[in-house]
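Undergrad: Here it is: the structure, laid out below.
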Amino acid sequence: MKTFLLEFLICPACLPEERPLQSFKLEVQKQDIISGQLTCKACSRAYPIREGIAFLTAAKQFHHVAPSKYETASVLSSYLWSHYGDLLKDPDASDAYHQWAALLKPEGGLAIDIGAAVGRFSFELARKSDRVIGVDSSYAFVKAARDLLLTGKAEIDLAVEGILTRKETIILPKEWPRNNVEFIVGDALALPFRQSSFTTLTSLNLIDKVPKPLQHLAELNRIAKYDRAQLLFSDPFSWSTEVAEEQDWLGGTHEGSHAGRGMDNLKTLLQDHGNHLKPAWQIDQQGQVWWKIRTHCNHFELIRSCYIKADRNS
């Protein structure tokens, strides 16, 4: 974990109170914290840093939690292809990350990629912001993203058919900045950052994957700067009771406070018509991007992700 993060971190378990974290036994090499511990005096919660990765989730004993599908080798491989398939010159790859990146203007300051997965959009943001933090709850994803950050390349086993695989090597372009990027394990519902810290914020294909979608929006809003901030939000709104209770969905229902379509409700919430997200955001653009996930050479999932680009200027 890069040392520049220390000034922005708070205890996620103490939210909505923002309690600072104290560092303990840090091993630092060239502005990179290799190991150590961050501790909250208020609640006595300890957050380890292991092999350069900070575990800043409020979940108790993270390493004992049953692994999700996002920790498996096959899903990791699928996401690496989805994020970097264009770098492999794969004709089936999507250019979704180029399209999303084109929607954001260079703003400097601090940027956050919430639900960063294996890191592609964090690297895109690095060309538009002074510093970028990619956050994901999957250790496997964060480790893969950080390995790319450190070495500029990654070897993956792409599924061909059945148990057949082929090896591919992802190589990041030399012009992509990497010194201003970092990845941590964290929770989109309890982000370990001080309020009003971020100028650029992104949430791609995430809100229908968290148990409390409105809390995710509230957390995103909390850490955004009060003015001169930009937000890119994109999602297919694939609501599922396997992830969240129907009453907590932000769309896709006939009744309730968020009945109707997710995009319509999101726009209402961002513009503060629901009195949840203050100060209000101004909708700048909206549209859709087609995004792909690859299972094997003959099986792809094509996803229409609907986006909103919003700004906060006052």
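Bear in mind these aren't lab numbers, they're just calculated from the coordinates by the rules spelled out. This is a predicted model, so every value here is computed, not measured. Virtual Cβ from ideal backbone geometry, glycine too; neighbours counted across all protein chains shown.
Undergrad: Build a GNM of the chain with springs between Cα atoms under 10 Å: which of 85, 260, 115 gets the top mean-square fluctuation?
TA: 260
Undergrad: Run lengths n ≥ 4 of DSSP H only: what is the helix-derived mean residue ellipticity at 222 nm for the chain, with -39500 (n - 2.57) per run over all residues, to the nearest 500? Working shown, then result.
TA: Values: 6 runs with 58 residues, N = 314.
Per the formula, -5500 deg cm²/dmol.
Undergrad: Return the sequence-ordered ³J(HN,Hα) values of segment 73-80 in whole Hz as given by the Karplus equation 6.51 cos²θ - 1.76 cosθ + 1.60 applied to θ = phi - 60°, using x for Gly and Pro.
TA: Values, residue by residue: 5, 5, 6, 4, 4, 4, 6, 4 Hz.
Undergrad: Next up: Quick one: divide the alpha-carbon radius of gyration of segment 191-242 by 2.2 N^0.38 Å and tell me what you get.
TA: On the way: Rg = 11.8 Å, N = 52, 2.2 N^0.38 = 9.9 Å.
Against the compact-globule rule of thumb, the ratio is 1.19.
Undergrad: For the chain, set up a GNM with springs between Cα atoms under 10 Å and report which of 267, 209, 89 has the largest fluctuation.
TA: Among 267, 209, 89, the largest mean-square fluctuation in the Gaussian network model of the chain belongs to 89.
Undergrad: Sticking with this one: What is the chain's relative contact order, in percent, from Cα pairs under 8 angstrom and six or more apart in sequence?
TA: On the way: 677 pairs, mean separation 49.5, N = 314.
After rounding, I find 16 percent.
Undergrad: Considering the chain as a Gaussian network with a 10 Å cut-off on Cα pairs, which listed residue, 57, 39, 151, attains the greatest mean-square fluctuation?
TA: Looking only at 57, 39, 151, the largest GNM fluctuation is found for 151.
Undergrad: Where a Cα-Cα gap under 20 Å defines reach, which lysines qualify for residue 30, not counting those fewer than 8 residues away within the same chain?
TA: Straight-line reach from residue 30, under 20 Å: 2, 143.
Undergrad: Turning to a different aspect of this structure: Which value results for Rg/Rh of the chain when Rg is the Cα radius of gyration and Rh the Kirkwood radius based on the inverse mean 1/r? Please report the intermediate quantities before stating the final value.
TA: Details: Rg = 18.9 Å, Rh = 20.0 Å.
Over the Cα atoms of the chain, Rg/Rh equals 0.95.
Undergrad: Between residue 243 and residue 130, 0.36 nm times their residue separation minus their Cα-Cα distance comes to what? Kindly include the intermediate steps, with their values, before the conclusion.
TA: Working: separation 113, 0.36 × 113 = 40.68 nm, distance 3.43 nm.
Using 0.36 nm per residue and subtracting the Cα-Cα distance, I get 37.2 nm.
Undergrad: OK, next. Taking amide H atoms as placed 1.01 Å from N in the peptide plane, list the residues 5 or more away in sequence, or in a different chain, whose amide H sits under 5 Å from that of residue 272.
TA: Distant-sequence amide H within range of residue 272: 277, 281.
Undergrad: Now for a separate question. Could you give each residue of segment 4-12 its phi-based ³J(HN,Hα) in whole Hz, using Karplus coefficients 6.51, -1.76, 1.60 with θ = phi - 60°, and x for Gly or Pro?
TA: These are the phi-based 3J(HN,Hα) values: 5, 5, 4, 6, 9, 7, 9, 7, x Hz.
Undergrad: Tell me, what ³J(HN,Hα) does each residue in segment 286-291 have, in order and in whole Hz, if you take phi through Karplus 6.51 cos²θ - 1.76 cosθ + 1.60 with θ = phi - 60° and put x for Gly and Pro?
TA: Coupling constants for segment 286-291: 8, x, 8, 10, 8, 10 Hz.
Undergrad: Run the simple label-point estimate for residue 273 and residue 102 please: 7 Å along Cα→C-beta, distance reported in nm.
TA: Spacing of the two 7 Å Cα→Cβ label points: 2.9 nm.
Undergrad: Output the relative contact order of segment 1-66, whole-number percent, from Cα pairs under 8 angstrom with separation of 6+ residues.
TA: Numbers: 108 pairs, mean separation 18.1, N = 66.
It comes to 27 percent, rounded to a whole number.
Undergrad: Which aspartates and glutamates does residue 209 reach when only Cα atoms under 17 Å apart count, and residues fewer than 8 places away in its own chain are ignored?
TA: Correct list for residue 209: 71, 113, 136, 187, 219, 235, 242, 245, 246, 248, 301.
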